[in-house]
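Participant: One structure is given below, represented as structure tokens, and several questions about it will come after.
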Amino acid sequence: MRVAESITITAPPALVWDAVAEPSRYLHFMSGVTRWSVEGTQDTGLGARYRMLLRVGSAEVGGLIEVVEFTPERDLAWNSVTGIDQRGRWRIRERGGASRVELRLQYGVAGSGLWGWIAEGLAARTVRGHLRRSLQQLKRQVEHEQLRVQAAARRSARTAAQ
Amino acid sequence: MTTATTNGHGSHQTARERLRAPAEDEAGERSGSMLGSVLGAVKGLVTSRIPPADLDERDPDYIRESLPRLWLLSSLYFRGDVRGLGNVPEDGGVLLVGNHSGGNLTPDTIVFTLAFSTYFGVERAFHQLAHNLVLSFPGLSYLRKYGTVAASPENARTALEAGAAVLVYPGGDYEVHRPSWHRHRVDFGGRKGFIRLALDQDVPIVPVVAVGGQETALFLSRGESLAQVLGLDRLFRLKVLPVSLALPWGLNVGDMLGHIPLPAKITVEALPPIHLREEFGPDPDVDEVYDHVVRLMQDTLDALAAERWLPVLG
């Protein structure tokens, strides 16, 4: 099952990237995520591994994932190593001074047959809701950060003028 | 000894040994009566069906492929809510001690097995101890693929030595068939073997408290007297012959064919681990530990029960 949601954030891709590339921030904006911890010594970048769990229904599903694509300010993608099969992607594109951000998640359990198909379909609504709320929370955080940066710049400009 | 670890979740090296399931006590004295002969024959049949406890029969791929089925059952039918899995140590042997509910179908085990398998991954060795009759019952052999083995100290020891998480229900058949009006009562029937096991293996105990399972049917009586008269304890280690009102049978005696459980909301909570020697000294008193564990679980069960508005609906 493939689920995708997108949103426009009034901030440059660099600010959005700062949030999505930093694993310690995930618990602050990802809805339904109960765990996003670094496995191993590499915190971020290609090959970084995380243990993630997302609450769907009565279970926290996820497992060990590995970053397989890491193009700053554009794409961050991961694949599952253990746990349910999943592929995820942050896709960030600059659109007239703002950022178009898409979060995609493809998940399933190979070999689970008809029951798997039914469960994936029923879970999609919950997963889509988590993705939508995650993007809204990311937007709030990044735009707040953008305002803070702009205010700091204005303050320092005023200070310099005096 | 070299050990092969799987995803950091312990070793299977020592699990390779096949262990015989514990032999049943010899059938009672042959009285020569017709009933005695018949029961003896049935016992022989059942005993021969108890599979040897091979921990390697656990099949992570099978569990993984069945997760969607379990998820549907757990999330939609029982509206499962499992809390506190972060309290279970990340790796190494651990004894999960649960209160048992729901008759022979034990929906709390289904809900917890799904939650444990998705939280820690199917790669983590996880075994459940079950009554001999469960494993010998026709059509239930698939349980061995989930890691279910016959409840015996030998099997539990082997699994813990292999670094597995072992789920044990000390109350067993006695607790699982308690009357519905005792549904919010932890009742291990004084069985303390799990404490000796945890001490021998030096593993922590994680109490796992579940509520809702005893609302999946109307359990009327354990039928202990009936079981005693028929000699079921001597023959099959069965202390009860439960009587309940359950779908689709109506009056259900024995629950041997199972029943259709009512879709009661199941809530499960794993409590922080108890390291016995750290908390009770180098030589803990078994009775004291037992009282502590039961009291802790009863307090949690009371709290979970207080969250419920109505039976079945939760």
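Rule-based calculations on the coordinates, nothing more; no lab input. Just so we're clear, the structure is a prediction, and the values are computed from it rather than from any experiment. Glycine gets a Cβ as well: all are built from the backbone with ideal geometry, and neighbour counts include every protein chain shown.
Participant: For segment B:129-180 and segment A:15-48, write down the distance between their C-alpha centroids in whole Å.
Facilitator: What the calculation gives is 39 Å, centre to centre.
Participant: Let me ask something additional. In what sequence, highest mean first, do A:108-119, B:206-217 appear when ranked by Cβ atoms within 10 angstrom?
Facilitator: B:206-217, A:108-119
Participant: Sticking with this structure for a sec: Just to confirm my numbers, what's the Cα centroid distance between segment B:183-233 and segment A:89-139 in Å?
Facilitator: Computed from Cα coordinates, the inter-centre distance equals 43 Å.
Participant: Which Cα, out of A:63, A:122, A:153, lies furthest along the positive dipole direction of segment A:60-162 (beta carbon charges, K/R +1, D/E -1)?
Facilitator: Of the options given, the answer is A:153.
Participant: Using Cβ contacts closer than 10 Å as the measure, can you line up A:52, A:30 from fewest to most?
Facilitator: Ascending number of Cβ neighbours within 10 Å: A:30, A:52.
Participant: Would you calculate the separation in nanometres between label points at residue B:180 and residue A:157, each defined as 7 Å from the Cα along the Cα-to-beta-carbon direction?
Facilitator: About 7.2 nm, to one decimal.
Participant: OK, next. What share of all Cα pairs of segment A:89-143, in percent, falls into each consecutive 5 Å distance bin?
Facilitator: Bin by bin from 0 Å, the calculated values are 4, 16, 21, 19, 13, 11, 8, 5, 2, 0.
Participant: Using only the Cα atoms of segment A:9-162, what do you get for the radius of gyration and for Dmax, in Å?
Facilitator: Cα-based Rg and Dmax for segment A:9-162 come out at 17.7, 71 Å.
Participant: Taking 20 °C and 1.002 mPa s as the conditions, I'd like the Stokes-Einstein D for segment A:45-130 in µm²/s, using the Kirkwood hydrodynamic radius from alpha carbon pairs.
Facilitator: Calculated translational D: 152 µm²/s.
Participant: To continue, here is another question. Let me spell out the model: positive unit charges on the Cβ of Lys and Arg, negative unit charges on the Cβ of Asp and Glu, origin at the Cα centre of the protein assembly as shown. What dipole size does that give, in debye rounded to 20?
Facilitator: 2100 debye
Participant: Would you work out the Kirkwood radius for the protein assembly as shown? I mean one over the mean of 1/r across all pairs of different Cα atoms, in Å.
Facilitator: 24.7 Å
Participant: Please compute the modelled spin-label separation between residue A:81 and residue B:145, points set 7 Å along Cα→Cβ, answer in nm with one decimal.
Facilitator: Distance between the two pseudo-spin positions: 2.8 nm.
Participant: Additional query: Counting partner chain Cβ atoms within 10 Å of every residue's Cβ in A:110-119, what's the average?
Facilitator: Mean shielding by partner chains, rounded to a whole number: 5.
Participant: Subtracting the Cα-Cα distance from 0.36 nm times the residue separation, let me have the gained length for residue B:295 to residue B:260 in nm, one decimal.
Facilitator: 9.4 nm
Participant: Select from A:138, A:27, A:103 the residue whose mean-square fluctuation is largest in a Gaussian network model of chain A (Cα-Cα springs shorter than 10 Å).
Facilitator: Maximum fluctuation in the GNM of chain A, among the listed residues, is at A:27.
Participant: When Rg is the radius of gyration of the Cα atoms in segment B:171-248 and Rh is its Kirkwood radius, what does Rg/Rh come to?
Facilitator: When Rh is taken as the Kirkwood radius, the ratio is 1.04.
Participant: Using helices alone, I'd like the mean residue ellipticity at 222 nm for the protein assembly as shown: each DSSP H run of four-plus residues gives -39500 (n - 2.57), total over residue count, nearest 500.
Facilitator: Theoretical 222 nm ellipticity from helices: -11000 deg cm²/dmol.
Participant: Still on this structure: In what sequence do A:134, B:74, B:141 fall when counting other Cβ within 10 Å, fewest first?
Facilitator: B:141, A:134, B:74
Participant: How long are the semi-axes of the equivalent ellipsoid of segment B:92-186, defined as square roots of 5 times the Cα gyration tensor eigenvalues? Whole Å, largest first.
Facilitator: With the √(5λ) rule applied to segment B:92-186, the semi-axes are 22, 15, 14 Å.
Participant: Give the Kirkwood hydrodynamic radius (Å, one decimal) of segment B:92-141, defined as one over the mean of 1/r across all pairs of different Cα atoms.
Facilitator: 12.4 Å
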